[in-house]
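A.B. asks: Let me give you the structure first, and then I'll get to my questions.
The values are calculated or read from the model by the stated rules, or taken from the named source; none is laboratory data. Predicted, not measured: the structure shown is a model, and the values here were computed from it. FYI the Cβ positions are ideal-geometry reconstructions off the backbone, even for glycines, and counts take in every protein chain you see.
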Amino acid sequence: AVSEMLAEIMLMGISDAYEPEILTTSAVESFLSHHPRDENVLLVTRAAENLALLQEQLSLASAVNIGNCSRKEASSYVFKGIGVGQTLYFSEKDVEVLDDLSSKGIKTVFQQMPTDKEVQWQQIKEGLKRIE
């Protein structure tokens with residue numbers, strides 16, 4: 001993370017059940033190679049498009065859970081109505097990556113809070129609206 005304060009913010013919502021580490025995208029592959037394949041690993045990224053860099057590792061995942069997708073300069077699509085007032089934003093690259101995961105049979109769900117209903121990527125995709 002760029003600063004200690006940003007690191008604290010990023011770790012704030014992660015359960016104490018985990019041993020969180022903040023890694024650069026390039027360090028994730030090495031990190032995953034040192035963990036047993038049967039071990040649960042929680043990866044948090046700020047953009048769905050970052051998942052493209054982890055295709056090989058994600059093929060071993062039972063599911064990918066997308067929580068918050070904030071608006072970015074590259075956002076082309078919006079979806080409203082998941083969770084409590086949640087609005088999700090997607091770039092063209094995000095959509096491409098999520099489609100690819102789905103086509104490979106990787107369960108891709110959206111759920112920001114444990115009490116929120118799990119929603120599948122296909123349902124989100126069908127409800128996307130282009131940002132004008």
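A.B. asks: Looking at segment 68-85, which of its residues are modelled with pLDDT of 80 or more and farther than 10 Å from residue 130 by Cα? Step through it out loud before you land on a result.
C.D. replies: First pass over segment 68-85, keeping only residues modelled with pLDDT of 80 or more: 69-80.
Of everything in segment 68-85, those that are modelled with pLDDT of 80 or more and farther than 10 Å from residue 130 by Cα turn out to be 69, 70, 71, 72, 73, 74, 80.
A.B. asks: Any residue in segment 96-106 that is surrounded by 14 or more Cβ atoms within 10 Å (Cβ to Cβ) and of a type in the set (Lys, Arg)?
C.D. replies: no
A.B. asks: OK, next. Which ranges mark the strands (runs of 3 or more DSSP E) fully within segment 47-129 that have 3 or more residues being farther than 21 Å from residue 14 by Cβ, over 13 Å from the mean Cα position of the chain (by Cα) and not aromatic (Phe, Trp, Tyr)? Break it down stepwise before answering.
C.D. replies: On the way: elements: 63-66, 75-82, 86-91, 107-110.
Ranges flagged: 75-82.
A.B. asks: Right, something else. Has segment 11-22 got at least one residue that is crowded, with 16+ Cβ neighbours inside 10 Å, hydrophobic (A, V, I, L, M, F, W, C) and part of a loop (DSSP other than H, G, I, E, B)? Steps first, answer last, please.
C.D. replies: Narrowing segment 11-22 to residues crowded, with 16+ Cβ neighbours inside 10 Å: none.
No: segment 11-22 contains no residue that is crowded, with 16+ Cβ neighbours inside 10 Å, hydrophobic (A, V, I, L, M, F, W, C) and part of a loop (DSSP other than H, G, I, E, B).
A.B. asks: Continuing with this model, one more query. So, in segment 75-95, how many residues would count as being surrounded by 14 or more Cβ atoms within 10 Å (Cβ to Cβ) and either out of contact with any Phe, Trp or Tyr (no Cβ under 6 Å at 6 or more places or on another chain) or among the aromatic types (Phe, Trp, Tyr) (or both)? So that I can check it myself, show each step before the final result.
C.D. replies: Start the filter on segment 75-95 by keeping residues that are surrounded by 14 or more Cβ atoms within 10 Å (Cβ to Cβ), which leaves 75-79, 82-83, 86-91, 93-95.
Okay, now just the ones that are also either out of contact with any Phe, Trp or Tyr (no Cβ under 6 Å at 6 or more places or on another chain) or among the aromatic types (Phe, Trp, Tyr) (or both), so 76-77, 79, 83, 86-87, 89-91, 93-95.
Total meeting the criteria: 12.
A.B. asks: Now a separate question. Kindly provide the set of residues from segment 56-80 that are out of contact with any strand residue (DSSP E or B) (no Cβ under 8 Å at 6 or more places or on another chain) and within 15 Å of residue 112 (Cβ to Cβ), ordered by number.
C.D. replies: Passing the criteria: none in range.
A.B. asks: Moving to a separate point now. Of everything in segment 23-44 that's assigned to a loop (DSSP other than H, G, I, E, B) and touching a residue at least 12 places away in the same chain (Cβ under 8 Å), which residue is surrounded by the fewest Cβ atoms within 10 Å (Cβ to Cβ)? Steps first, please.
C.D. replies: So the first thing to find is which residues in segment 23-44 are assigned to a loop (DSSP other than H, G, I, E, B), and the list is 23-24, 34-44.
Narrowing further to those that are touching a residue at least 12 places away in the same chain (Cβ under 8 Å): 37, 42-44.
Values: 37: 8, 42: 11, 43: 16, 44: 14.
Checking each candidate, the answer is 37.
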